[in-house]
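Structure record follows, encoded as structure tokens.
The values are calculated or read from the model by the stated rules, or taken from the named source; none is laboratory data. Computed from a prediction, not measured in an experiment: that's the story for all the values here. Virtual Cβ from ideal backbone geometry, glycine too; neighbours counted across all protein chains shown.
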Amino acid sequence: MAEPFRLLFVCLGNICRSPAAEGVMRALVESEGLADRVTIRSAGTGGWHAGKLPDQRMRSAAQNRGYNLSSRARQVSENDLREHHLVLVMDQQNLRDVRSYDYESQFASKIRLFCEFCTDHQEREVPDPYYGGEQGFEDVLNLLEDGCRGVLCHIRSSLA
């Protein structure tokens, strides 16, 4: 059997957007019977929350939709760029920060903005809901559900 497709989601602190994307994508991959062919992780550009569970507000919003967010926050590393086939960042600042780990510009083609995979939403970035109200977490989940469907199509074409 071929090696699994390795996917990494990245946001600022790895407690809201990227662990939610990981949870949404994991549920989608499992429902499609591809759990043994796709590995999914998340990380943050900063390490302030390392070891912590995702933000309780995001966990609650995700749980209401049937997603389990149980990963622990960690900081992205240069090694992540080597190990993953696709690194999806939530906004332009994350893109700049992750590209700064690509010292020799050898991973540029695999570092992409998450919203490139959205089909129902026009946003170019996934907004950080941390300082907003409950609706911000719902809006982020709507974007993530849309984009993860597009990511799954991309992965399927890579697995074929």
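Summary table below
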read-out	value
Filter result for VAL126 (in a loop (DSSP other than H, G, I, E, B), within 14 Å of the chain's Cα centre (by Cα) and not charged (D, E, K, R))	yes
Options VAL151, VAL126, VAL98, VAL140; residue that is among the hydrophobic types (A, V, I, L, M, F, W, C), closer than 19 Å to VAL38 by Cβ and at pLDDT 95 or above	VAL151
Any chance ILE155 is under 19 Å from GLY23 (Cα atoms) and surrounded by 18 or more Cβ atoms within 10 Å (Cβ to Cβ)	yes
Residue within the range 129-140 that is of a type in the set (A, V, I, L, M, F, W, C) and either part of a helix (DSSP H, G or I) or farther than 12 Å from CYS11 by Cβ (or both) present	yes
Residue within the range 75-82 that is out of contact with any Ser or Thr (no Cβ under 9 Å at 6 or more places or on another chain), in contact (Cβ under 8 Å) with a residue 40 or more places away in the chain, among the acidic types (Asp, Glu) and exposed (fewer than 15 other Cβ atoms within 10 Å of the Cβ) present	no
Unique match (being part of a loop (DSSP other than H, G, I, E, B), in contact with a helix residue (DSSP H, G or I) (Cβ under 9 Å, 6 or more places away or on another chain) and over 19 Å from GLY136 (Cα atoms)) among GLY51, GLY66, GLY46	GLY46
